[in-house]
Amino acid sequence: MPSFLKPVLVLILAATAVAAFLLHAPVVGAVLGALAIAALIWTALTRRPAGVRAETAGVTLTIHDRDGRRATVEKTQTLAPVRKPLTEIRDRSLFSRGRMDDFSVSPGEIGERIGLGKYHMTKVVFNPPLPPGQTVTRKLAYNIYDGFGDDDVAVMFVADYPTASAELTVNFPPERTARRSRAYIRTDRQPDRAGTLEISPDGRALRWRLADIKPGPQYHLEWTW
């Protein structure tokens, strides 16, 4: 959906909810009100900063113990504001299991965090703002608790805006490696496209190199212990 239509959708849902309450249809009004709130959160999750040029990105998932009780995600990104100073940016994460916590960021400060289903959005605020034309490498890190203990594991990554190249890496704990693994790209209304995974000689790391990343598709990594 075009970005300018998203606020319109929120307003229509909110106005319709109010009208339903005025017409003494509280159940309909409550449902429409809930949809309006969900649409508002969805708009925040999918909003992308204007005037940002992203060059490279990297996501590294490191699982620290055999039972998958604690894992660390480190996201790095090289970008440059184009036309005006950048005051804030939003990171979307899409994980199927586990609890995310212990966030840290450099440069910047952690702002609000919003969860909606399996999506998680973290706002990073820059004070002072990043000046236009200056390339900066920023980092975001957090822990995932109780996310990788099952026999079959899947993680998903999404892009916030176009990026020239990216690299996704999974590091397994010393006591455990994957028996099978695969990567694929999922896009709405299109068949899944297989990705090419590189496996380290000792089987303890998976790497997926990507080029010309677009917002919208989901990048899936799956494996079986």
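Things worth noting here:
- Couplings for the stretch 149-155, taken from phi via the Karplus curve 6.51 cos²θ - 1.76 cosθ + 1.60 with θ = phi - 60°, read x, 6, 5, 9, 10, 9, 10 Hz in order; Gly and Pro are left as x.
- Overall, the stretch 52-224 carries a charge dipole of about 400 debye about its Cα centre when +1 sits on the Cβ of Lys and Arg and -1 on the Cβ of Asp and Glu, all other atoms neutral.
- Pairwise FRET efficiency - Trp225 versus Ser200, Cβ, R0 = 22 Å, nearest 0.05: 0.85
- One chain, two ends: Ile110 and Ala211. Fully extended at 0.36 nm per residue, the span grows by 33.5 nm beyond their Cα-Cα distance.
- Note, ³J(HN,Hα) from phi for the stretch 75-84, Karplus 6.51, -1.76, 1.60, rounded to Hz, x at Gly and Pro: 10, 10, 7, 9, 8, 8, x, 9, 9, 8
- Residue-wise HN-Hα couplings along the stretch 181-195, as the Karplus relation 6.51 cos²θ - 1.76 cosθ + 1.60 with θ = phi - 60° gives them from phi, are 8, 7, 9, 7, 10, 10, 10, 4, 6, 9, x, 4, 10, 6, x Hz; Gly and Pro carry x.
- Amide H contacts of Asp65 (H built 1.01 Å from N, in plane; Pro and chain starts excluded): Arg70 sit under 5 Å, all sequence-distant by 5 or more or on other chains.
Read-outs throughout are calculated quantities, based only on the coordinates presented, and are distinct from any laboratory measurement. Please read all numbers here as calculations on a predicted model, not as lab measurements. Positions of Cβ are backbone-derived with ideal geometry, glycine not excepted, and every protein chain shown enters the neighbour counts.
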